[in-house]
Amino acid sequence: MALDTAQLVSQIQAWGQELAFSQIGVADVDLSSAEPGLQAWLSAGWHGDMAYMAAHGMKRARPAELLPGTVSVITARMDYLPREAPEGWQALEFARLENPGEAVVSMYARGRDYHKVLRNRLQKLAERIQGAVGPLGHRVFTDSAPVLEVELAQRSGQGWRGKNTLVLNREGGSMFFLGEIYVDLALPATEAVSDHCGACSACIDVCPTQAITAPQRLDARRCISYLTIEHAGAIPEELRAPMGNRIYGCDDCQLICPWNKFARRSPLADFDAREGLSGSTLLELFGWSEGEFLRRTEGSPIRRIGHERWLRNIAVALGNALRASRDEHVLSALGARADHPSDLVREHVAWALSQAV
């Protein structure tokens, strides 16, 4: 008896819901139309230090090269807005940015490492499929390999590419993670949706560093998320003041997006904010020893930047706070790190202290 693939897709979507995915889609593997845009972005150097982007070249746009035998990609979306997010959470998050002494961590990073959460659940979904169809060549991904996630999500109807380059969904905004299962099973693609940004340019206008150079064009080298997470060296001086009190990531282009009034809270405790990563002061977090940093960020995406970059980021934020108010406690905390063994930390601490002049 022939496999009813349309019925199988419906079944996969139902299983996905049971695993806390908000939506499951299917895309084909011909992404050739995305290659010129990817090549232009790489050629312009907008990927900055992310050498892995260039190293994999066009493999990102060629799923069957990444995993030979792949003929379909199952895409998944998982909401991450914390369960306890109050009504008016966007305004609350913007208010944090107005409090120079508060340490602001991007909302997605306040809970458990999403890579682990999604990967485990995608693997369970793949096992359910395999149980139904027999041997299945597959591999799960979540921001972990050369995969054109946004392109695949857009093609499979998860949403459209917003002007900030993120996927936007009419029922879920953009506060969600994406994941994929590459499979060697031909499945009917789910239908793409149309763009609903219209004339809105709120995300472009709000970006503190003007990293969104045009609709759907992001110069990662100017993006605060890139600077605080991916970038290993010194943060360019002209971009330090615009960072404000953002010490890991930046949510501004999502907070301002009108579609995020529809963002959904996650049903999972995994994305609840950990103690210390929401509402803490810069001084508290700057005081963490390396051991305390490792202990408090265990199982968190923040751990990957290491203690040195953590101190670098907070030093910049403390410098910005110092410019706003010559606080003796801030001066004292920075002074205590002025002779740090790391050149990177010392340089940013020196800059921060210079902001008191």
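With all projection directions averaged, the alpha carbon convex hull of segment 71-137 covers 6.8 nm².
Between Leu136, Leu344, Tyr80, whose Cα lies farthest towards the positive end of the dipole of the chain when Lys and Arg beta carbons carry +1 and Asp and Glu beta carbons carry -1, centred on the Cα centre? The listed residue farthest towards the positive side: Leu136.
By the count of neighbouring beta-carbon atoms within 10 Å, fewest first, Arg77, Arg246, Arg274 end up ordered Arg274, Arg77, Arg246. Helical runs (DSSP H, four residues minimum) scored at -39500 (n - 2.57) apiece and divided by the length of the chain put the mean residue ellipticity at 222 nm at -10500 deg cm²/dmol.
Mean projection of the Cα convex hull over all viewing directions, computed for segment 241-357: 8.4 nm². Under the rule a/c < 1.5 gives rounded, and otherwise a/b versus b/c splits prolate from oblate, where does segment 126-219 land using the Cα gyration tensor? Prolate, because a/c is 1.5 or more and a/b exceeds b/c.
Shape analysis of segment 301-347 places it in the oblate category; the axes a ≥ b ≥ c from the Cα gyration tensor give an a/c of at least 1.5, with a/b not above b/c. Prolate is the label for segment 59-192, because the ratio a/c of its alpha-carbon gyration tensor axes (a ≥ b ≥ c) is 1.5 or higher and a/b is greater than b/c. Only the Cβ atoms of Lys and Arg (+1) and of Asp and Glu (-1) were treated as charged; on that basis the dipole of the chain about its Cα centre amounts to roughly 140 debye. Selection among Ala153, Ala6, Ala356 by position relative to the dipole of the chain gives Ala6 as farthest towards the positive end (Cβ unit charges, Cα centre). Temperature 20 °C, viscosity 1.002 mPa s: under these conditions the Stokes-Einstein estimate for segment 174-300, based on its Kirkwood radius over C-alpha pairs, is 119 µm² per second.
Shape descriptor for the chain: Rg over Rh equals 0.99 (Cα atoms; Rh from the Kirkwood inverse mean 1/r). Magnitude of the charge dipole for segment 145-209, about its Cα centre and with charges confined to Cβ atoms of Lys, Arg (+1) and Asp, Glu (-1), is about 180 debye. Here segment 229-292 is assigned +1 on the Cβ of each Lys and Arg and -1 on the Cβ of each Asp and Glu. Its dipole about the Cα centre then comes out at about 420 debye.
In terms of other Cβ atoms within 10 Å, Ile12, Ile247, Ile256 run from fewest to most in the order Ile256, Ile12, Ile247.
Read-outs throughout are calculated quantities, based only on the coordinates presented, and are distinct from any laboratory measurement. The structure presented is a predicted model; accordingly, all values stated were derived computationally and were not measured. Note that we place each Cβ from the backbone using ideal geometry, even for glycine, and neighbour counts take in every protein chain shown.
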